[in-house]
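**Q** Handing you this structure, nothing more for now.
Read-outs: derived from the displayed coordinates by stated rules, not from any lab. From a predicted model like this one, the values you see are computed outputs, not experimental measurements. Backbone-built Cβ (ideal geometry, glycine too); neighbour counts: all protein chains shown.
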Amino acid sequence: MTNSNIPTFNALSSSCPYIDDIFWLPSPEEMISIKKNKKTAKKVIKIASACLANIACKYNGTCSTRPALMTRRSDPSLFGKEFINLVCPEAFAGGLPTPREPCEGPINGKVVARSGKDYTEAFTIGAIGVVQLALAIGATEFIGRRGSPSCGVGAIHDGTFTGTLIPGDGILTALLKKYGINVRLL
Ligand code: SF4
């Protein structure tokens, strides 16, 4: 995908019912990552939920490390062939603090905290930021997890804060699918 094919934020936001107009730029760290990836264009580029790779960005300040992902990221046989960029739509792109209020959904398009506060806009801004990054670096696959209102793949919490999962995707996962990026559960 060339730069000219990357949708603008206005185009991205028009596919999100919550946001009228969004302006976003990659952080300096993300720009470094983009430049590195462009030098290695022959690699398969993927993105993965950062909390799966030992980054303590979950709402409660912990992570959900998956040894398989850690091993894959450091596998010498994959150097030069695959690059997995870590993303957190809530903490990195959405700018929410860690720890933060636990949220569930999206239910009827809304992500709501246990306190009743509506976080849909912040979660959507974070998801759009990650989609913009994914398209810019040419990512073809997203590796996500169950239950997250952002990164949930195939299962989200039902909004009752009882640990109940229902079929569905997080806001980021749904948006990535719309832009043709494969999603995979880990
Ligand atoms: S938003 Fe995604 S990457 Fe960030 S903590 Fe939640 S599941 Fe992990």
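**Q** Amide H neighbours of ILE84 under 5 Å, counting only residues 5+ apart in sequence or on other chains, H built in-plane at 1.01 Å?
**A** It is LYS46, by chain and number.
**Q** What does the charge add up to near CYS51, with Lys and Arg as +1, Asp and Glu as -1, over the other residues with Cβ less than 13 Å from its Cβ?
**A** So the environment of CYS51 carries a net charge of +4.
**Q** Here's something else I'd like to know. Once you have the Cα-Cα distance between ASN54 and ASN108, take 0.36 nm times their residue separation minus that, and quote the gain in nm to one decimal.
**A** 16.3 nm
**Q** I would also like to ask the following. Count of lysine pairs in region 51-186 with Cα atoms under 24 Å apart, counting only pairs 8 or more residues apart in sequence or on different chains?
**A** 6
**Q** Shifting gears a bit: Around ARG184, what is the net charge, scoring Lys/Arg as +1 and Asp/Glu as -1 over all other residues with Cβ under 14 Å from its Cβ?
**A** Summing Lys and Arg as +1 and Asp and Glu as -1 gives +3.
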